[in-house]
Amino acid sequence: MVEAAAAVTRGHFMSKASDNKISAALATATYTLLGGISPAPVQAQEEPGWDYNTSLLFYGEDNDRVQDLSVSVLATRTFLDDRMLTLGLTVDALTGATPHGGLQQTVAQTFTRPSGNAVFTTPANTLPLDDSFRDTRVAVSANWQQPLGRLYQLSYGGSASKEYDYTHLGVNAKLSRDFNNRNTTVSAGLAFSADSIDAVGGAPVSLSSMLDVGDLSNRLGGQDKDIVDVVLGVTQVVSRNLVVQANYSFSDSSGYLNDPYKIVSIVDAVTGDVVPRTPPPGVSGPSHEYVFEGRPDTRTKHSFYGQAKYYMGGKVLDASYRYMTDDWDIDSHTVDLRLRWPLGESRYLEPHLRFYTQTEANFYQIGLVNGEPLPAFASNDYRLGDFDAITAGLKYGWETKNGNEMSVRLELYQQRGNIPADRQFGNQVGLVQYPDLDAVIAQFSYRFGR
Amino acid sequence: MKILAAIGMLLLMAGCSSMGVEAWDRDILAKDEMQLTTDALEAATDDHIYFSKEASSGGRGFGGGGCGCN
């Protein structure tokens, strides 16, 4: 958010002054919310006014998996003395289905829905998907940025988001100082999130069995998750054409870190098949043995991020790399490359390539063997598995006649996972596969000032 | 680890002090397309997508909140 706010200022549009009472009232209200002091009145003709960055996004996965339609607005008000207010709003509408961790079998499988009050059946030879979510997410943010003296800059803000079963509240602050003729900027940021999970049917106890319809005895009440983030960064101007940035980030999560809707199958020690069960007469319930996933209640991540922007006779190369490691034994590498290629004065093309790879969490399990003691933690969430991902996209941007900016981008995202052969046995070999993913990202953006 | 990081930071800053440009040479660096984040909304969108689909987040800025359960 802090970074985003900074970018918006730099990328602001030349706009005519306008004395808008609603905007002024909104700004004043937000200062009050942020605990700031309202700025002294300034002459209208010196007010740069509001700039708006809006976008419409479609994200769609193949095989009827997750679809998301999202509308976002980022409104930035700049003031004299480089002070700036940024307000953000995003509304997402999610539908579709997602793999819940159950293994594909040669027979049909019946699962109890997350609500605990119905069942659904996955046909034989089909990857089980949970299709019961339909969610709307609303996220808001506010950020205030101002210089402190000649060399320091302070920004702080808050964010909140609400889904049917999840609430996020966060605050953040960042202080930066320029050195070396403003060629070097050192910054330190701190963010704190207090999230609460109100899972459909209640969050299940880690590694407890999926129960029959109507039995909610293994469900907990509302659960919490706290996240502390620290970001330390250095930005350096190297030459007239090159600027680089290096960040170290520390993130500590604690609380209920399970995905309450993910399960792990209990498999036979010889055949590898999911162990069948029979619900009591007259009761609907699971056709096989499953347990809800269980993750540790803490997670500590360290990220090292480097970025370079290089100007090459009108074209701009944006290259970044991130290494992340955590105490769940997940290591990941991300390389992101963009080349902005101008087409005349007011249009450009921007090809984008992103490469990602991660190792699996140390408690990632495709199934738990029947009769063996339960481990402390287990999850078959595909996002904690060993996989590679590639994003390839193209963006086209242009300036409108009245000086505003529009862009469209189309990207394809592909995940290909790997379950090591020695993790599969019996009938699992050739049947159980990582749930590969193909998705399309289409976004239209319009930036305008007043 | 922390001491090493601090020493690294100091060395980096010492090295950086000989780099850079004068204020009147910032014409290119001042361009919109040369900012570290050129499109804040696109960056936020991407961060949320990858946060929801992968086990990593953050790096450029804060990791951010939200469920990312789907």
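The values are calculated or read from the model by the stated rules, or taken from the named source; none is laboratory data. Just so we're clear, the structure is a prediction, and the values are computed from it rather than from any experiment. Note: ideal-geometry Cβ built from the backbone for every residue, glycine included; neighbour counts use all protein chains shown.
Here are a few things to note about the model shown:
- From the list A:87, A:103, A:127, the lone residue that is part of a strand (DSSP E or B) and hydrophobic (A, V, I, L, M, F, W, C) is A:87.
- Scanning region A:275-305 for residues that are facing chain B (nearest Cβ under 9 Å) and surrounded by fewer than 17 Cβ atoms within 10 Å (Cβ to Cβ) gives a single hit, A:304.
- Selection of region A:371-404 for residues being of a type outside the set (S, T, N, Q), part of a strand (DSSP E or B), out of contact with any Ser or Thr (no Cβ under 8 Å at 6 or more places or on another chain) and in contact (Cβ under 8 Å) with a residue 40 or more places away in the chain yields A:378, A:392, A:393, A:394.
- Reported count of residues in region A:268-292, each being touching a helix residue (DSSP H, G or I) at 6+ places or on another chain (Cβ under 7 Å) and among the polar types (S, T, N, Q), is 1.
- Residue within region A:313-324 that is away from chain B (no Cβ under 11 Å), in a strand (DSSP E or B) and more than 18 Å from residue A:291 (Cα to Cα) present: yes
- Residue count, region A:306-324 (criterion: surrounded by fewer than 21 Cβ atoms within 10 Å (Cβ to Cβ) and more than 24 Å from the chain's Cα centre (by Cα)): 7
- Taking region A:210-288 and the strands (runs of 3 or more DSSP E) fully enclosed by it, the elements with 1 or more residues that are within 30 Å of residue A:181 (Cβ to Cβ) and small (Gly, Ala, Ser) are at A:223-239, A:242-255.
Conditions tested, residue by residue: (1) surrounded by fewer than 21 Cβ atoms within 10 Å (Cβ to Cβ); (2) closer than 25 Å to residue A:98 by Cβ; (3) among the hydroxyl-bearing types (Ser, Thr, Tyr).
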residue	(1), (2), (3)
A:344	yes, no, no
A:363	yes, yes, no
A:386	yes, yes, no
A:389	no, yes, no
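- Filter result for residue B:10 (surrounded by fewer than 18 Cβ atoms within 10 Å (Cβ to Cβ) and either more than 7 Å from chain A (Cβ to nearest Cβ) or modelled with pLDDT of 90 or more (or both)): yes
- Scanning region A:182-204 for residues that are assigned to a loop (DSSP other than H, G, I, E, B) and under 14 Å from residue A:257 (Cβ atoms) yields a single hit, A:199.
- Scope region A:160-181; condition among the polar types (S, T, N, Q) and either in a strand (DSSP E or B) or touching a Ser or Thr at 6+ places or on another chain (Cβ under 7 Å) (or both); matching residues: A:161, A:167, A:172, A:176, A:180
- Region A:413-450: number of residues that are more than 14 Å from chain B (Cβ to nearest Cβ), among the polar types (S, T, N, Q) and touching a residue at least 60 places away in the same chain (Cβ under 8 Å): 4
- The listed residue being of a type in the set (Asp, Glu) and either touching a helix residue (DSSP H, G or I) at 6+ places or on another chain (Cβ under 6 Å) or in a strand (DSSP E or B) (or both), out of A:81, A:92: A:92
- Among the candidates A:155, A:141, A:176, A:159, residue that is in contact with a helix residue (DSSP H, G or I) (Cβ under 7 Å, 6 or more places away or on another chain) and crowded, with 16+ Cβ neighbours inside 10 Å: A:155
- When residues of region B:13-28 are limited to those that are in contact with a strand residue (DSSP E or B) (Cβ under 6 Å, 6 or more places away or on another chain) and surrounded by fewer than 19 Cβ atoms within 10 Å (Cβ to Cβ), the one modelled with the highest pLDDT: B:28
- Filter result for residue A:62 (farther than 29 Å from residue A:205 by Cα, of a type outside the set (A, V, I, L, M, F, W, C) and under 29 Å from the mean Cα position of the chain (by Cα)): yes
- Residues of region A:179-235 classified as of a type in the set (A, V, I, L, M), crowded, with 18+ Cβ neighbours inside 10 Å and more than 23 Å from the chain's Cα centre (by Cα), total: 5
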